[in-house]
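Structure first, then comments.
The values are calculated or read from the model by the stated rules, or taken from the named source; none is laboratory data. Everything numeric in this text was worked out from a predicted model, so none of it was measured. Glycine also receives a Cβ, built like all others from the backbone with ideal geometry; neighbour counts cover every protein chain displayed. Only protein heavy atoms, including side chains, enter the accessible area calculation; ligands, DNA and RNA are left aside. Shrake-Rupley method; radii C 1.70, N 1.55, O 1.52, S 1.80 Å.
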Amino acid sequence: MAVVTETPEPPDATGPVRVAGPVRRRRPAAAPPTEGPLVDTYGRVHTDLRISVTDRCNFRCVYCMPEEGVPFLPRADLLTFEEITRVVTVAHRLGVRSVRFTGGEPLVRRDLAELVAMVADVGFDDVALTTNGTGLAALAPRLAAAGLRRVNVSCDSLRPERYARIRRRGDLATVLAAMDAAEAAGLEPLKVNVVAIAGVNDDEIEDFGAFARRTGREVRFIEFMPLDAPGSWRRDQVVPASDVLARLDARWPLKVVADSGDPAPAERYRFRDGGGTIGVVASVTRPFCGTCNRLRLTADGAVRNCLFSDAERSLRDLMRSGAGDDELETALRRAVWDKLPGHGINDPGFLRPVRSMSMIGG
Ligand code: SAM
Ligand code: SF4
């Protein structure tokens with residue numbers, strides 16, 4: 001088949017990174033460097049920051065949040081816009097070049113466009129947002145004017161009833177209209193995130209392929225990860241990226257996009273007939289930890305070096321106790337330096353992180 005790829009090779013600064021096997025083993029680590037970019041002990045340079053602006057959400061997607069009884073952070077625990085801007089300014093000085101707003105649902109944070117403007121002013125190469133799409137149609141022009149470049153809109157089914165069943169709230173027509181509005185506002189290229197779950201929506205892979213071809217939007221099939229708050233994830237619910245690619249390739253031959261300019265996480269493919277692009281995010285079956293360049297800021301101001309790592313440092317507590325930017329820099333450097341070589345999902349002793357996806361920021 002035309003589309004098989006290998007797990008990406010890691011950077012070679014300190015020897016190869018193993019992305020399978022006992023990845024929780026830690027190297028003996030000296031102190032992180034005090035200058036240069038944000039680098040870990042495996043030579044991975046971190047240039048991408050995910051900013052969660054809230055843990056709240058107006059949806060309750062089956063793969064993410066329970067239907068009832070979700071505890072949310074008290075508002076006073078959230079970083080203020082000024083605090084977020086301060087952290088990203090330090091991160092920019094340390095070489096971070098792209099940021100993405102996420103959550104929870106970022107659009108439920110009041111006055112988000114103001115924050116986008118403050119962060120965009122710092123001078124990042126890319127300023128993006130991931131959203132479930134509700135409220136986006138109205139907000140898109142303001143977000144674009146504030147400096148947002150592009151959006152990923154999550155949409156796991158093209159069938160209205162199924163969409164409602166998976167996401168529990170909201171409706172398909174609204175999210176499709178939001179995609180149109182976002183593009184009309186210049187938020188392009190627009191990508192569509194699909195969490196593929198066996199027995200739930202995996203019969204729509206070809207429908208999403210046709211959607212990508214018809215609309216020109218890049219559809220990204222994300223493997224279901226053990227980050228759902230209800231803790232009901234099972235390995236047999238994961239639709240391997242290789243299956244997605246094989247099915248699409250059988251219908252419309254694919255070719256790999258050699259230089260996507262995107263170190264992680266999506267592997268991108270073009271339809272050979274020029275009909276558009278799709279991506280797969282194979283976090284479970286083909287982990288891309290070896291090339292991960294990403295760090296995360298939670299809504300309550302903790303820096304995390306991996307979705308799956310519970311090791312957090314509270315930059316909020318540092319800032320609120322009067323720390324200077326040099327202390328924020330040290331905390332960011334330490335957080336990156338401590339990163340493990342892989343997320344460990346496939347280790348026998350894997351333990352889910354304490355915080356789930358919406359609490360960390362996806
Ligand atoms: N609320 C926004 C949304 O749904 O797009 C942004 C936050 S959401 C946590 C970010 C992305 O993570 C979405 O594309 C969502 O589908 C995906 N996601 C959530 N839970 C997941 C899980 N358990 N496994 C894989 N992807 C997941
Ligand atoms: Fe909300 Fe996004 Fe999680 Fe769905 S995936 S519950 S929209 S945070």
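Full extension of the chain between His92 and Ser321 yields a length gain of 80.2 nm, computed as 0.36 nm times the residue separation minus the alpha carbon distance. Subtracting the Cα-Cα distance of Ala250 and Asp347 from 0.36 nm times their residue separation leaves 31.7 nm of extension gain. Comparing Asp249, Asp338, Asp236 in a Gaussian network model of the chain where C-alpha atoms under 10 Å apart are linked, the largest mean-square fluctuation is found at Asp236. Legend: Rg and Dmax of the range 224-359, from Cα coordinates, 18.3, 59 Å. Just the protein heavy atoms count here, and of the accessible area of the range 82-152 at 1.4 Å, carbon and sulfur take up 49 percent.
For the range 203-211, the Karplus equation 6.51 cos²θ - 1.76 cosθ + 1.60, evaluated at θ = phi - 60°, returns couplings of 7, 9, 4, 5, 4, 5, x, 5, 4 Hz by residue, with Gly and Pro reported as x. For the chain, a Gaussian network of Cα nodes joined below 10 Å ranks Ala144, Ala76, Ala299 by mean-square fluctuation, and the top entry is Ala76. For the chain, the solvent-accessible area of protein heavy atoms averages 41 Å² per residue (probe radius 1.4 Å; ligands and nucleic acids excluded). Residue-normalised convex hull volume from the C-alpha trace of the chain: 132 Å³ per residue. Cysteines without a disulfide-compatible partner in the chain, using Cβ under 4.7 Å as the rule? Lacking a cysteine Cβ partner under 4.7 Å: Cys57, Cys155, Cys289, Cys292, Cys306.
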